[in-house]
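Written out below as structure tokens is the structure these notes cover.
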Protein chains: 2
Amino acid sequence: GFPGFSAPPAQDPMWGYFTAIAGQDGEVDAEELQRCLTQTGISGNYTPFSLETCRIMIAMLDRDYTGKMGFNEFKELFAVLNGWKQNFVMVDRDCSGTVEPHEMSQCLANMGYRISPQALNAIIKRYSRSGKIYFDDYVACCVRLRALTDNFRRRDTMQQGMVNFQYDDFILCTMSL
Amino acid sequence: GFPGFSAPPAQDPMWGYFTAIAGQDGEVDAEELQRCLTQTGISGNYTPFSLETCRIMIAMLDRDYTGKMGFNEFKELFAVLNGWKQNFVMVDRDCSGTVEPHEMSQCLANMGYRISPQALNAIIKRYSRSGKIYFDDYVACCVRLRALTDNFRRRDTMQQGMVNFQYDDFILCTMSL
């Protein structure tokens with residue numbers, strides 16, 4: 001296309017896929033996203049993809065707090081999800097569909113997060129079931145960590161690794177995830 | 001009992017109930033809590049109580065990050081849950097098992113939270129399904145709001161409604177919920 005002019009959605013190969021999922025209102029909500037991700041089999045099994053995880057994925061990208069995703073957010077989400085999936089598969093060497101706690105630390109380090117052992121331990125406890133981390137819980141963890149880190153950085157204008165939060169702002173940027 | 005001496009667990013009416021749920025290891029994990037809450041019918045229907053909500057209820061009380069609850073935490077949880085249930089029932093006048101968005105604002109105000117319209121809007125979007133808030137999502141919201149507010153207050157030693165967070169501490173006290 002011309003400089004500064006992006007292709008109209010109709011020419012984008014993902015547009016047809018998006019409209020089929022979005023239905024009448026032209027936006028994707030958590031239930032629609034759940035159906036779509038369950039069908040893609042991205043979690044490596046045939047159980048439904050967690051609705052809870054779908055809700056926070058939408059919250060991560062939903063800057064206007066409508067609870068729904070438009071086409072650009074949908075594409076952004078798939079790009080991010082593919083990166084996380086590759087990271088997961090690389091660490092899950094026996095293809096069990098789960099990673100071990102120590103592998104989870106490796107996953108987060110691969111993504112460039114520097115987190116203390118204490119915080120890492122709390123995160124792993126929170127996202128494990130019977131001592132293992134399943135793909136959709138891993139995604140829920142990645143979504144929150146990414147969105148919380150973004151929210152923090154946006155406020156850390158001096159890049160000092162420290163932010164002064166007012167109570168209401170703290171609640172806004174943590175409770176919506 | 002004597003001053004400063006609490007009854008041994010064996011004499012507490014909830015002890016038998018607790019041990020039946022906790023099983024061999026003597027502590028309650030998220031799956032055990034889910035079974036127990038589904039059986040009590042606390043959500044007003046017979047669908048399983050959300051496992052995700054059970055996990056964050058345990059995280060709220062789990063100060064040593066073991067992912068499990070002992071007897072005292074179990075009793076504390078039931079007391080807190082009963083308070084939330086009463087609040088929910090008071091607002092859900094038609095006994096539908098759900099509350100409307102504007103009723104949710106009322107619920108949170110009843111609990112003494114003072115939250116801006118913008119944060120309230122984000123919270124309600126996050127915990128609604130098809131425009132309504134179900135009991136277990138309401139509980140998940142209450143758990144997070146209580147735990148995040150506690151975490152904030154504990155750091156706000158001057159009670160100024162403002163806290164200086166280091167990145168790692170911010171991640172620790174938000175990602176474990």
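The values are calculated or read from the model by the stated rules, or taken from the named source; none is laboratory data. All values reported here derive from a predicted model rather than from experimental measurement. Here the Cβ positions follow ideal geometry from the backbone for every residue, glycine too, while neighbour counts run over all protein chains shown. Side chains are part of the model used for accessible areas, which takes the heavy atoms of the whole protein and leaves out ligands, DNA and RNA. Shrake-Rupley method; radii C 1.70, N 1.55, O 1.52, S 1.80 Å.
Descriptive notes on the structure:
- Those helices (runs of 4 or more DSSP H) lying entirely in region A:67-166 with at least 1 residues within 20 Å of A:PRO48 (Cα to Cα) and without any contact (Cβ under 8 Å) to a residue 40 or more places away in the chain: A:71-91, A:117-127, A:135-155
- Verdict on A:ARG129 being open to solvent by 60 Å² or more (accessible area, probe 1.4 Å) and not small (Gly, Ala, Ser): yes
- Test: residue in region B:149-159 that is of a type in the set (A, V, I, L, M) and either open to solvent by less than 10 Å² (accessible area, probe 1.4 Å) or at positive phi (or both): no
- For region A:53-79, the candidate set comprises residues that are open to solvent by less than 60 Å² (accessible area, probe 1.4 Å), modelled with pLDDT of 85 or more and more than 12 Å from the chain's Cα centre (by Cα); within that set, the residue that is farthest from B:GLY131 (Cα to Cα) is A:PHE71.
- Here A:SER50 fulfils each of the conditions (1) among the hydroxyl-bearing types (Ser, Thr, Tyr); (2) surrounded by 16 or more Cβ atoms within 10 Å (Cβ to Cβ); (3) closer than 17 Å to A:ALA22 by Cβ apart from (3).
- Apart from one condition, B:ILE42 fits all of (1) away from chain A (no Cβ under 14 Å); (2) free of Cβ contacts under 8 Å to residues at least 60 places away in the same chain; (3) over 15 Å from B:CYS141 (Cβ atoms); (4) crowded, with 16+ Cβ neighbours inside 10 Å; the exception is (2).
- Odd one out for A:GLY97 among (1) surrounded by 19 or more Cβ atoms within 10 Å (Cβ to Cβ); (2) within 29 Å of A:GLY131 (Cβ to Cβ); (3) modelled with pLDDT under 90; (4) among the small types (Gly, Ala, Ser): (1)
- Tally, over region A:167-177, of residues that are open to solvent by less than 30 Å² (accessible area, probe 1.4 Å) and in a helix (DSSP H, G or I): 6
- Subset of region A:125-143 [within 9 Å of chain B (Cβ to nearest Cβ) and either more than 13 Å from A:LEU108 (Cβ to Cβ) or more than 10 Å from the chain's Cα centre (by Cα) (or both)]: A:LYS125, A:ARG126, A:TYR127, A:SER128, A:ARG129, A:SER130, A:ALA140
- Flag if B:GLU31 is away from chain A (no Cβ under 14 Å), charged (D, E, K, R), assigned to a helix (DSSP H, G or I) and in contact with a strand residue (DSSP E or B) (Cβ under 9 Å, 6 or more places away or on another chain): no
- Scan of region B:15-28 for residues that are assigned to a loop (DSSP other than H, G, I, E, B) and either buried (at least 16 other Cβ atoms within 10 Å of the Cβ) or within 15 Å of the chain's Cα centre (by Cα) (or both), ordered by number: B:GLU27
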